[in-house]
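What follows is a set of notes on a single structure, which appears directly below.
The values are calculated or read from the model by the stated rules, or taken from the named source; none is laboratory data. Model, not experiment: these values are computed from the prediction. Here the Cβ is made from the backbone with ideal geometry for all residues, glycine too, and neighbour counts use every protein chain on show.
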Amino acid sequence: MNVGGPLGSRASALRLVWLVPVFAGFFTPAAIRGQSGASPGDITFTKDIAPILQRSCQPCHRPDGVAPMPLVTYEQVRPWAREMKMRTSLGPKAGVMPPWFVEKDIGIQKFKNDPSLSDEEIAKIVKWADSGASRGNPADMPASLNFDDSDNWTIGEPDLVLKSKEVTVPATGPDWWGDVGLIPTGLTEDRYVSAVEVREVNDIPKGGTIKTVGGRYAFHHMTYSSIVPGQRDSASAEETATTWPIHEVGRNADIFPPEAGRLLAANSSLSLTAGHIHPNGRETKAHLEFGFKFFPKGYKPLFRRSSRIRRSKSFMLTPR
């Protein structure tokens, strides 16, 4: 027997009065905005975050890129919203994303291809993550970027390509550090280098199946120089030896100023003295390729690098 009709009692009727506004709240404009995107003026993925990612993140964070996860579509980015907020707010120190360690109020501030974020961009990411990381209007989404993921050299076709010996790295085991040997340049005359690019060639398949940076490469880094083997005279060795920028995963090509080309001497060899190789979960065959672009024959640099220690309190760099 139901006392008081279908609702049971006057108290039940009052409870229903309270419930109606609660359920109605799910259909307010704010709730609808959360489902469809956001209201005008809100920070959204399509309008505000995607352009930041395209400029500063997707060169690495894309399918088959050097970074662990792609950050291209909303579905790919949304799970990382909180992590993006934390990493982009670290400032110029280890762990910051994108990696950029230049103080914003000290020294040179204008750099070519600077990927760092402005304070305004960082604030947008923070607000977006804290407000629910909404998608926004699909019509606001910028066109997708097209990246050249071919094996073409970014410096153009090199004048000289040198290959290290191939190494076979087991699927598991300890990291290895050591000397990978010499690579004769085959040069019969001195040449000055305008650009150098180093890349790893390995048998790891592409296709987005690798989820970590280390899983895509066997070489973590390589420190190398060029020397003339057997040159015993220290003064001559000083004149012909050249140190080159360290190779690291994800490093761009190095372009040298027209006034300061680096010497690759006749009869020299690349000396791969300090390599770091690591297992990546599958047996991998890999080697490094060093691509050099030369200044024209007859070129002489205005300035030369020197490894000699200057003991005077002050000195001037003079043209050679």
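Being of a type outside the set (D, E, K, R), within 19 Å of Lys285 (Cα to Cα) and not in a loop (DSSP other than H, G, I, E, B) is a property that does not hold for Thr223. Regarding Glu157, is this residue part of a loop (DSSP other than H, G, I, E, B), within 25 Å of Ser269 (Cα to Cα) and without any contact (Cβ under 8 Å) to a residue 24 or more places away in the chain? Spelling it out, Glu157 is indeed part of a loop (DSSP other than H, G, I, E, B), within 25 Å of Ser269 (Cα to Cα) and without any contact (Cβ under 8 Å) to a residue 24 or more places away in the chain. Tell me, please, whether a residue that is surrounded by fewer than 11 Cβ atoms within 10 Å (Cβ to Cβ) and not assigned by TED's automatic domain parsing to the domain that holds Ser269 can be found in the range 120-132. Scanning the range 120-132 turns up at least one residue that is surrounded by fewer than 11 Cβ atoms within 10 Å (Cβ to Cβ) and not assigned by TED's automatic domain parsing to the domain that holds Ser269.
The combined condition, being under 30 Å from Lys206 (Cα atoms) and in contact (Cβ under 8 Å) with a residue 24 or more places away in the chain, is fulfilled by Val180. Does any residue of the range 128-136 turn out to be more than 30 Å from Phe45 (Cβ to Cβ), under 26 Å from the mean Cα position of the chain (by Cα) and either part of a helix (DSSP H, G or I) or of a type in the set (Phe, Trp, Tyr) (or both)? So far as the range 128-136 goes, no, none of its residues is more than 30 Å from Phe45 (Cβ to Cβ), under 26 Å from the mean Cα position of the chain (by Cα) and either part of a helix (DSSP H, G or I) or of a type in the set (Phe, Trp, Tyr) (or both). Listed by position, the strands (runs of 3 or more DSSP E) contained in the range 234-295 that have at least 1 residues being over 26 Å from the mean Cα position of the chain (by Cα) and either free of Cβ contacts under 8 Å to residues at least 12 places away in the same chain or surrounded by 18 or more Cβ atoms within 10 Å (Cβ to Cβ) (or both) are 262-264, 269-277.
Is it the case that some residue within the range 56-67 is surrounded by 12 or more Cβ atoms within 10 Å (Cβ to Cβ), modelled with pLDDT of 65 or more, under 21 Å from Val126 (Cα atoms) and acidic (Asp, Glu)? Within the range 56-67, not a single residue is surrounded by 12 or more Cβ atoms within 10 Å (Cβ to Cβ), modelled with pLDDT of 65 or more, under 21 Å from Val126 (Cα atoms) and acidic (Asp, Glu).
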